[in-house]
Each structure stands twice: as C-alpha cells, then as structure tokens.
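Participant: Structure provided below as structure tokens; questions to follow.
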C-alpha cells in the first residue's frame with residue numbers, strides 16, 4: 001500500500017484550515033509561568049512552547065512570541081516559577097492567557113492563591129501540585145535560517161527548587177497520570193490529558209544488558 005502525503009513549504013503557507021504544526025508536535029506540556037515585575041506585582045501566563053532541555057542541572061524553557069510581560073519580568077529580575085497545569089486547573093490556566101495590561105495580577109484575575117517560594121522572590125500557584133523555582137540562565141532571540149532575527153524569545157532557566165505534592169509519590173516514584181496533567185495539542189482549542197490505561201513501556205537497548 002502506497003502512502004499519499006500532503007506536502008507544503010511553510011514559507012509559502014500550509015493551505016489548510018489550521019496550521020498542522022501545533023497538532024503534529026503534540027501533546028506539549030504547558031509552561032504555566034509565574035514572575036514578578038520590579039515593583040513586585042505578580043504575573044502568571046501559560047506558554048504551550050515549553051519543555052525540559054537538560055537533566056543535571058535541570059534546565060527548562062519556554063518560547064514567547066513577542067516580548068511579553070513574562071519575558072520582561074524575568075529578564076529584569078532573573079527569576080521565574082513553573083506550575084503544573086492539571087485538569088482541575090485548566091479553566092483557571094485559560095483565564096491567565098487573557099491579554100491584559102502590564103501590572104495586572106493574573107493570580108487575582110483567575111482566583112488563584114500565590115504561595116511563597118523558598119529560593120526565589122516569585123510566587124508559586126498554591127493550587128498546583130508541582131512547582132519549579134527557576135533562575136534565568138539565558139534569554140535568546142530566535143533567528144530563521146537566513147539569520148534574520150524573529151520576534152520570538154526563548155527563555156531558559158535552571159530549576160533550583162522543586163515542590164511535589166506527596167500524594168503523587170508512590171514508593172518514591174512520581175505518578176504522572178495521577179496528577180492529571182493537561183497538554184496542548186490539535187486545533188485552536190484542543191487540550192489532552194493522560195490516562196494510565198494508555199501507558200506502555202519500552203526498555204532501551206543499552207539498558208537490556
């Protein structure tokens with residue numbers, strides 16, 4: 001059986017009702033990033049271009065299309081926190097995506113409770129069962145293949161403290177599905193969850209020895 005392929009070149013447009021890139025590279029964890037400005041006003045915003053990039057020390061990062069309040073705050077203070085989005089918190093997370101003026105506290109806007117961090121001057125989301133406290137390591141302006149600068153910024157930070165709700169640890173092992181994390185994927189409004197029934201295991205070749 002021969003597989004037919006839909007082909008397009010991004011610089012010429014995809015020709016589809018919705019750009020498939022976000023659906024193909026998915027599901028993606030959500031970077032629910034809290035920060036503060038120099039006056040100490042908190043900011044909370046979700047970023048779907050987010051992931052972990054180094055194991056030890058742990059380095060996580062998110063990309064922002066445009067120089068948004070989160071990027072401004074983090075580059076000025078040098079700190080941010082990541083907060084796990086769960087199914088229970090999905091609606092609140094969505095509220096924090098609203099375009100609001102600088103200085104508006106999204107914690108209050110979404111009815112969330114700020115919790116003091118241990119090592120950074122940035123609040124965590126108290127309702128979230130997992131939080132990372134981070135120190136800025138790099139803020140990189142992305143370029144295209146022609147080395148032209150884009151209005152997109154990659155913010156990377158070292159995780160210096162981790163908070164995990166103890167009910168998510170079983171015999172010391174973090175239970176991903178039990179946290180009911182929310183992932184971004186598909187069309188403009190599509191999100192997905194994780195179910196333990198969908199799990200399967202593979203042993204890496206180097207670990208079979």
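Participant: Starting from the Cα-Cα distance between residue 52 and residue 151, subtract it from 0.36 nm times their residue separation and give me the gain in nm to one decimal.
Facilitator: Value of the extension gain: 33.4 nm.
Participant: Which value in deg cm²/dmol, rounded to the nearest 500, describes the helix-derived mean residue ellipticity at 222 nm for the chain, given -39,500 (n - 2.57) per DSSP H run of n ≥ 4 and division by the residue count? Walk me through the numbers on the way to the answer.
Facilitator: Values: 4 runs with 23 residues, N = 209.
Rounded to the nearest 500, it is -2500 deg cm²/dmol.
Participant: Then there's this: Out of 51, 73, 151, any idea which swings most in a Gaussian network model of the chain, alpha carbons joined below 10 Å?
Facilitator: It is 151.
Participant: Quickly rank 142-149, 98-105, 42-49, 86-93 as a protection proxy: mean count of other C-beta atoms within 10 Å, highest first.
Facilitator: The densest-packed peptide leads the list: 42-49, 86-93, 98-105, 142-149.
Participant: Rounded to the nearest 0.05, what FRET efficiency do residue 169 and residue 192 have when you use their Cβ-Cβ distance and R0 = 25 Å?
Facilitator: Details: r = 24 Å, r/R0 = 0.96.
After rounding, the FRET efficiency stands at 0.55.
Participant: Springs between alpha-carbon pairs under 10 angstrom, Gaussian network model over the chain: which of 130, 122, 162 fluctuates most?
Facilitator: Result: 162 has the largest fluctuation of those listed.
Participant: Pull out a ≥ b ≥ c, the square roots of the eigenvalues of the alpha-carbon gyration tensor of region 46-201, then state rounded if a/c is under 1.5, prolate if not and a/b is larger than b/c, and oblate in the remaining case.
Facilitator: Details: a/c = 1.39, a/b = 1.31, b/c = 1.06.
Verdict is rounded for region 46-201.
Participant: Whole Å is fine, so just give me how far the alpha carbon centre of region 1-75 lies from that of region 137-209.
Facilitator: 11
Participant: What does the convex hull of the Cα atoms come to per residue for region 59-101, in Å³? Could you put the intermediate results ahead of the total?
Facilitator: Working: hull volume 4.3 nm³, N = 43.
So the per-residue Cα hull volume is 100 Å³.
Participant: Highest GNM mean-square fluctuation, the chain, Cα pairs closer than 10 Å: which of 138, 39, 175?
Facilitator: Sorting by GNM fluctuation, first place goes to 39.
Every number here is computed from the coordinates shown, using simple stated rules; none is lab data. From a predicted model like this one, the values you see are computed outputs, not experimental measurements. Cβ: placed from backbone, ideal geometry, glycine included. Neighbour counts: every protein chain shown.
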